[in-house]
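Shown next, in structure tokens, is the structure this report addresses.
The values are calculated or read from the model by the stated rules, or taken from the named source; none is laboratory data. Because the structure is predicted, anything quoted here is derived from the model rather than measured. Cβ coordinates were reconstructed from backbone atoms using ideal geometry, including for glycine residues, and neighbour counts include every protein chain displayed.
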Amino acid sequence: MKLIGSHLSPFLRKVRIVLAEKKIDCALEEALPNAPGSRVPDYNPLGKIPALALDDGRVLYDSRVIAEFLDNVSPVNRLIPAENRERSEVKRWEALADGVLDASLLIRYEGQRPEAQRSPDWITRQSGKVEAGLAAMDRDLGNKTWCTGNDFTLADIAVGCCLGWLEFRVPERAIRERFGNLGRLLAKLDERPSFADTAHRA
């Protein structure tokens, strides 16, 4: 197997953490979607990362699809429960975390456009989604050990990658100071080797 993407991508980081937690070895090919001559479209026709090239020639894309595939590759450290209700809760957390990331990335991309072409209303709308998502995650986490209760799952990985990217790219959101429950979760995740080894660095 070979994983394609950039270490700066929070979605690639999610997959890398899944690989580490599952103790699966996988080569990484660094690739930026928008770089001149990028090979990303060779793996994903949508030109998005991450992508996972399998040994049989197939390629998987979208971090949610890849994470679920990897969780079924090995029974070690299951990250997605088999029972439907618990499974749905993990996937709900993942969708919420990924949605906050999507809105945050749209804000970043809009800010990179020429100033005359930027839409303040669009930025405000996406920022509202980010704030609402963070508040929901903080509230739903409450005083639980992990996002879905007592077990570490893909939900915690997705939320940790979302919050880690926001701290890296948008430190002014001051997540640990403003959202106490999320700050507590981040402190625990910081201690896991899979998170420490994949932390975003400039």
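Only helices (runs of 4 or more DSSP H) wholly contained in the stretch 10-90 count here; list those with 2 or more residues that are of a type in the set (D, E, K, R).
So the answer is 10-22, 63-73.
Name the residues in the stretch 113-158 that are among the β-branched types (Val, Ile, Thr), buried (at least 18 other Cβ atoms within 10 Å of the Cβ) and within 26 Å of Ala20 (Cβ to Cβ), would you?
Thr148, Thr153, Ile157
From the list Ala136, Ala103, exactly one residue is part of a helix (DSSP H, G or I), of a type in the set (A, V, I, L, M, F, W, C) and closer than 23 Å to Ser9 by Cβ. Which is it?
None of the other options fit; the residue is Ala103.
Mind checking which residues of the stretch 106-133 are farther than 22 Å from Pro10 by Cβ and assigned to a helix (DSSP H, G or I)?
Answer for the stretch 106-133, where residues must be farther than 22 Å from Pro10 by Cβ and assigned to a helix (DSSP H, G or I): Glu115, Ala116, Gln117, Pro120, Asp121, Thr124.
When Gly183 is evaluated against the numbered criteria (1) part of a helix (DSSP H, G or I); (2) not assigned by TED's automatic domain parsing to the domain that holds Ala95, which criterion, by number, is the only one it fails?
(2) is the only condition that Gly183 fails.
Can you pull out the residues in the stretch 51-88 that are of a type in the set (Ser, Thr, Tyr) and either under 16 Å from Thr148 (Cβ atoms) or modelled with pLDDT of 95 or more (or both)?
To start, the set of residues in the stretch 51-88 that are of a type in the set (Ser, Thr, Tyr) comprises 61, 63, 74, 88.
Selection gives Tyr61, Ser63, Ser88.
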